[in-house]
Structures are given as structure tokens and as C-alpha cells.
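The block underneath contains the structure these notes are about, expressed in C-alpha cells.
The values are calculated or read from the model by the stated rules, or taken from the named source; none is laboratory data. Bear in mind the structure is a predicted one, so any value in this text is a computation, not a measurement. Counting neighbours? That spans all protein chains shown, and the Cβs are built from the backbone with ideal geometry, glycine included. Protein only, heavy atoms only, side chains kept; ligands, DNA and RNA dropped before computing areas. Shrake-Rupley method; radii C 1.70, N 1.55, O 1.52, S 1.80 Å.
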Amino acid sequence: MAKIIVVTSGKGGVGKTTSAAAIATGLALRGKKTVVIDFDVGLRNLDLIMGCERRVVYDLVNVIQGEAGLNQALIRDKRVDNLHILPASQTRDKDALTSDGVEKILDTLTKDFDYIICDSPAGIERGAQLAMYFADAAVVVTNPEVSSVRDSDRILGLLASKTRRAERNQDAVKEHLLITRYNPSRVDDGDMLNLDDIQEILAIDLLGLIPESEAVLRASNQGIPVTHDAKSDAGQAYTDTVSRLLGEDVPLRFHEFQKKGLLSRMFGGGRR
């Protein structure tokens, strides 16, 4: 029986799709059969991050509307056999998503996969609500800035009240916090919220902290999830995040400012 995890955020541009791709890839690399679904109908960026945009023939809406079978729309990742992608439509309206259609797809996928990662659109519109409605767990992605954290708090309210688990009075959706673009130097200068402030405001378990890193942008432009870049700080941070998601006790890294030594200042050695 698959575990359904929604990757969500209140504010756009926080690295949510990057995180969904990285987490899905990390789970697959750990031997878990994983599928990641793009719920952002009308925009569709997940396929770009995953590097499979040229292989999209059918999409989520095609399956919901009976224009294609689920197996026709699923794209197998070229790098990891355990990983599949179900892209969103670029040409349809978000109203093309139906609760019954999404439920049918998830019920089918649950039989064949260990993890279903739902890449939610930002905000609270229909696509976002459907992405979280059937979730067993949620990864709430936020940046260390006031507006992002405030909008994440709104999402936590929806997770507590607008999901199938809430309606059925079942155990609540398990909420996890993922902080992205964290820069300890800027935190020390007072330009960003610090880790304690964010956790105090949102009051949910910290799953991971992803440092601000050029590796994320580089990976996105190359269509390769940053989890594959095992030498980068961001790649290692996402790997740590996946380990915690699997229940492992992994120490937090990249949250403290590391002063450069003399040689680093003379010869470079910035973050990768």
C-alpha cells in the first residue's frame, strides 16, 4: 500500500517542484518504487526538472478524462528504474481536475508503488486542494522569510481541515517542514528568519534544511534532480531529508555559518 505525500507551499517560487523531484528521486534511489505527479495544470514544470519534457505524450488530465490509459501517461525515469513521472497538462484549465478522477488514479497507483509524491501548485486553488486532499503526509516547503512562513501557516490550516483524513475523523495528515534556500550568513546578519523562529511559528517537525546553493539552479537547468549531485551541499541535504522521511535519525547539516580559512579566502572554495 503506497504512502501518498503532498509537497506543498503557500507561496510560489520556494523550490517546491525542485523539492518534489529531489525527494522522489531520493526515495527511488533507496529502492522504493516511486511515482511523482504534477498537479500544476496549465504550467507544468515537473517534467523540465526531471528532464523528460520531450517524452510527454499524455498527461494527468488525459487520464482523468478517459483520453489515455494511466500506463500510457506514466513516464519511466531514464536514470532510476524505480521512478515514474505523471506530467500535468499545459493546455487545459485547472477545472479539468476532478476529485473522482484523481482518486481513481491514486487508487490504481497505490497498488503498484511504495510512494506517491504529489507536486502541488502553490496557493489554495483547486489543483492545490486536490493534491493535498488524499495525502497521508505533507512536506510543507518554505523559505526563511516572513511572507513565505506566513503562507505556509495557512497551508497547515488547510491540511488540518480540508483533507479526506480530516473529513473522516482519521489520524491527521503527518506534517513535515522543509526549509529551502537557507543561508546561515544572511541569517546571522538578520536578513533571514533563523531556524528557531521558523519552527516556533509553524510548530511542525523539521524534515530537512536545504542550503542556498548554485547546485540547485544548475541541476534544474540540466533537467537532473539535484539529489543526483552527491558532491553538492544541496544534494546531500536532500539525501538527508529522504533518510529522515524514511524514519532514520540523521543530524542536521548546513544550518551554521562556516567561516572560510585563509586558503579558502585566497583561492576560492565557495559553495557548489
Requested in this report: Considering (1) over 22 Å from GLU175 (Cβ atoms); (2) outside the structural domain of LEU217 (by the TED database), say which one VAL7 fails and leave the rest.
Outcome: (1)
Requested in this report: Output the residues belonging to the range 118-162 that are more than 24 Å from LEU27 (Cα to Cα), assigned to a loop (DSSP other than H, G, I, E, B) and touching a helix residue (DSSP H, G or I) at 6+ places or on another chain (Cβ under 9 Å).
Outcome: GLY123, ILE124, GLU125, PRO144, LYS162
**Report entry** Selection from the range 226-241 of residues that are closer than 18 Å to TYR182 by Cα and either in a helix (DSSP H, G or I) or of a type in the set (A, V, I, L, M, F, W, C) (or both)
**Finding:** VAL226, THR227, ASP233, ALA234, GLY235, GLN236, ALA237, TYR238, THR239, ASP240, THR241
Query - Single residue of the range 174-201 satisfying the filter (open to solvent by less than 20 Å² (accessible area, probe 1.4 Å) and assigned to a strand (DSSP E or B)) that is farthest from LYS162 (Cα to Cα) - result: TYR182
**Report entry** Total residues in the range 61-104, condition within 26 Å of LEU159 (Cβ to Cβ), open to solvent by less than 10 Å² (accessible area, probe 1.4 Å) and of a type in the set (A, V, I, L, M, F, W, C)
**Finding:** 7
Report task. Mind counting the residues in the range 202-233 that are among the small types (Gly, Ala, Ser) and under 14 Å from the mean Cα position of the chain (by Cα)? Result -> 2
Query raised in the report: Quick check: is even one residue across the range 108-120 open to solvent by less than 10 Å² (accessible area, probe 1.4 Å), in contact with a Cys (Cβ under 6 Å, 6 or more places away or on another chain) and of a type in the set (Gly, Ala, Ser)?
Result: no
Report summary line: Pairing a residue in the range 228-251 that is of a type in the set (Val, Ile, Thr) with any residue that is surrounded by 15 or more Cβ atoms within 10 Å (Cβ to Cβ) and assigned to a loop (DSSP other than H, G, I, E, B), where Cβ atoms lie under 8 Å and the two sit 6 or more apart in sequence or on different chains, gives VAL242/ARG30
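State yes or no: is THR180 hydroxyl-bearing (Ser, Thr, Tyr) and under 16 Å from PRO211 (Cα atoms)? Write out each step before concluding.
Numbers: hydroxyl-bearing (Ser, Thr, Tyr): yes; under 16 Å from PRO211 (Cα atoms): yes.
Yes.
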**Report entry** Every residue from the range 31-53 that is open to solvent by 30 Å² or more (accessible area, probe 1.4 Å), in a helix (DSSP H, G or I) and either touching a Ser or Thr at 6+ places or on another chain (Cβ under 9 Å) or closer than 20 Å to ILE105 by Cα (or both)
**Finding:** LEU48
Query raised in the report: Do you know which residues across the range 202-214 are under 15 Å from SER9 (Cβ atoms) and either assigned to a loop (DSSP other than H, G, I, E, B) or open to solvent by 60 Å² or more (accessible area, probe 1.4 Å) (or both)?
Result: ILE204
Report task. From ALA28, ALA22, grab the single residue that is over 13 Å from the mean Cα position of the chain (by Cα) and buried (at least 24 other Cβ atoms within 10 Å of the Cβ). Result -> ALA28
